[in-house]
Amino acid sequence: MPSYDNGDLKSDSKMPAAFNRRKFLGAVGSAGIAGIAGCGGQQYSPNSNGSNGKDNEFTSYMNIPPQDAQFNRMRPQNYGENVASLAYDMFAKYDYYSKDKNWHPMIAEDWKLPDKMEEGAVVTVNISKNHMWHNGNPVTAKDIENQFLIEKGLEMSVWNFLKDVKVVDDKTVEFTLSGPVNEEILLVELFDRPVDMPNSIFGEYAKKFQEAKSEADKKAVQEELLQFKLDKPMGNGPFKHNKITDNKYILTKFEDYANPYITADDINLPKYGLRLSPGGSAVPQFIINKEIDGTPQTDPQPEQLDRFPQGHVTTHPGFVGEGVILNISKTKYFDNRLVRKALGHVITRKHLRMAMPGPSDLYGSIPTPTGIMPNKAKEIIGDKLDSFEKYAYKEPNHKRATELLKKEGFKKNGEAWHTPDGNRWTLSVKSHTAATWLSVAQAVSADLEQFGIKVEQTQQEDSTFFGETIPNGNFDLAACNWGGGGANLPYANFQTHFYDRKDSDGYPVPSKVDIPMPAGNPNGSIQTVDVRKKISELGVASDEAQRKKLITEIAWAYNQSAHHFPARVWEAIAYVSTEQWKFPDPKNDVDMHLDRPTYWPIRKGKHNMR
């Protein structure tokens, strides 16, 4: 029987001291994750003999065939995220669990912030003296500079706040600010990332971006990078590539590993295996059968949880979730906001939530779509939230949907809806083959068909769905994620919904919306709101009143735009076995919560063999 912990650490626990983010971090203290990981669904060959400590190998799972995994994070197809989480270290790690919201060093060993966040101000970051790439080269400031230059070429959001990045010496890099910026947002943008672009491999792309003479040149480099496949991770983390079998990706301890807290000598874990799982109910069954020793996430039913072997079960807020997006760029009539709102009254979010695998009572519901986490919406928007449209939350409102559609020229002949040009209204609903996403698509399809809209539902493998369908906009509705993975910040959430970022899956999202204003008045005059401009203003807002005003206005734009409907707030359920392995008590140690227990305690020397 496992021990359960909901992630709430006792206030009187003897917790290690974390770093104060305002100070220059000259010494190292001791207190040390999305999109949604592990959503793939592939075929696999069962193996009755899991690890469970055999051959000194801790075994978890991965969601794509090991031989297909690639490690260019900018290329979403077949990205080996579970392997990468062991092979690459973060720049720094944010502690969302403490009241102080402190950062904990990793490759960014210490840093100094300017007294005032303004144009020309400099953030100085010292790189870990001990980190090495798996080929034996030290991690240097040049590696960091190149990674940020590549992200500049990809137009990633951190460059909303940066003017320049510059190497000072081998272990020091400087970031020059382009203007005022909110400190918390800047630190998330700078540090919440793996350091995974060694100069020896990715340096040529940084150089090409710098040499690009035109937008066409830059686009060509973007396309080249997005097509680049890195077959083996050239990491800097505690485990390195060893070999690949038909069913498992095997890593071994990197003997030269060192971070600000430990060296490889403090890791009593020689091997780490990741076996292929088809996802869905297979992972809980792997745990019950003792075929794997731990998982960063799983979706067990309550009766399965009770059958887990001796170990720790923890929950981890992902600040993300699942939902459905409407293709406003290509689908006929979806450029009409009232048509989209009509579908919002048909697609019932409770139906989507109940259809997805896992214990539905664990995951948070979303009474009102705002684009941010429900607790944040209530805290920041306050009573004005009551004036936001709820759409179909627990049950559909076919009457309201019918009123909106008829107003826009749609007609219903018998039980079937027809478009203003007289054709039978038919929509495609597409999803990944993984159980979670497939369940969302099936629930959406059922709601639409019950209302009288003909549906063509398709599920696709990873490379087709993320490599072709989404980037090319070949869908009408698609199951998708929502929220800003890893950060419970409205700014991060809004980035997902209004920026078609080059590093994202390429979902079509608006930059400007025509909605009733002012915020909170559904009967107000229709105005064009430049949402991305308001998000940029939010990024630099330091006045609390201005910040709340902007968040309310952007949340209102999300609500009234009706291009995206979130179904639930997702939390990861993680499990680690303690039969053959030693882990800290989750109730008393923050290191079991900063990241998944399968990833972070290793980096503190707290995951070992018995």
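The values are calculated or read from the model by the stated rules, or taken from the named source; none is laboratory data. Note that the structure is predicted; figures quoted are calculated from it, not measured. FYI the Cβ positions are ideal-geometry reconstructions off the backbone, even for glycines, and counts take in every protein chain you see. The accessibility values were calculated without ligands, DNA or RNA, using every heavy atom of the protein model including side chains. Shrake-Rupley method; radii C 1.70, N 1.55, O 1.52, S 1.80 Å.
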Efficiency by 1/(1 + (r/R0)^6): what FRET value for Gln301 and His398, r their Cβ-Cβ distance, R0 = 35 Å, to the nearest 0.05? 0.65
Computed label-point distance, nm, for sites Gln285 and Arg424 using a 7 Å Cα→Cβ extension: 3.8 nm
Taking a probe of 1.4 angstrom, what is the accessible area of Phe466 in Å², to the nearest 10? 40 Å²
Shape category assigned to region 310-402 from the gyration tensor of Cα positions, a/c cut at 1.5: prolate
Over all Cα pairs of region 227-284, the Kirkwood radius sets Rh, and Rg/Rh then becomes 1.06
With an 8 Å Cα cut-off and a minimum separation of 6 or more residues, compute the relative contact order for region 333-456 in percent. 32 percent
For the pair Asp169 and Gln450, what calculated FRET efficiency results from E = 1/(1 + (r/R0)^6), where r is the Cβ-Cβ distance and R0 = 51 Å, to the nearest 0.05? 0.20
Share of antiparallel DSSP beta bridges in region 379-508, in percent to the nearest 5? 30 percent
Using only protein heavy atoms and a 1.4 Å probe, report how much of Thr458 is accessible, in Å² to the nearest 10. 50 Å²
Can you give me the % of accessible surface on the chain that is carbon or sulfur? Probe 1.4 Å, all protein chains present, nothing else counted. 44 percent
For every helix of n ≥ 4 consecutive DSSP H residues, a contribution of -39,500 (n - 2.57) applies; sum these over the chain, divide by its total residues, and give [θ] at 222 nm rounded to the nearest 500 deg cm²/dmol. -7500 deg cm²/dmol
Non-local amide H neighbours of Val324 (under 5 Å, H modeled in plane, Pro and chain starts lacking H): which ones? Cys480, Phe565, Ala567
Plugging the Cβ-Cβ distance of Ser329 and Asp585 into 1/(1 + (r/R0)^6) at R0 = 51 Å yields, to the nearest 0.05, a FRET efficiency of 0.55
Compare the Cα positions of Val531, Asn397, Leu274 along the charge dipole of the chain (+1 at Cβ of Lys, Arg; -1 at Cβ of Asp, Glu; about the Cα centre) and return the one farthest towards the positive end. Asn397
What pairs in Lys330/Lys407; Lys116/Lys240; Lys93/Lys232; Lys248/Lys330 have C-alpha atoms more than 30 Å from each other? Lys116/Lys240; Lys248/Lys330
By the Cα gyration tensor axes a ≥ b ≥ c (a/c under 1.5 gives rounded; else a/b larger than b/c gives prolate, otherwise oblate), the shape of region 174-214 is oblate
From the phi angles alone, apply the Karplus equation (6.51, -1.76, 1.60; θ = phi - 60°) to region 319-335 and give each ³J(HN,Hα) in whole Hz, x where the residue is Gly or Pro. 6, 9, x, 10, x, 9, 10, 9, 7, 6, 7, 10, 6, 4, 6, 7, 6
Identify, among Tyr205, Thr469, His593, the residue whose Cα sits farthest towards the positive end of the charge dipole of the chain, taking +1 on the Cβ of Lys and Arg and -1 on the Cβ of Asp and Glu, with the dipole about the Cα centre. Thr469
Accessible area in square angstrom per residue, the chain, 1.4 angstrom probe: 39 Å²
Express as a percent, rounded to the nearest 5, the fraction of DSSP beta bridges in the chain (both residues included) that run antiparallel. 75 percent
Quick one: 3J(HN,Hα) in Hz for region 369-380, Karplus 6.51/-1.76/1.60 with θ = phi - 60°, rounded, Gly and Pro as x. x, 10, x, 10, 4, x, 5, 5, 4, 5, 5, 8
Could you work out how far the C-alpha centroid of region 551-610 sits from that of region 431-468, in angstrom? 27 Å
Provide Asp110, Asp246, Asp530 ordered by accessible surface of protein heavy atoms (probe 1.4 Å), highest first. Asp246, Asp530, Asp110
Contour minus Cα-Cα distance for Glu183 and Gln227 (0.36 nm per residue): 12.4 nm
Volume per residue of the C-alpha convex hull in the chain, rounded to whole Å³: 151 Å³
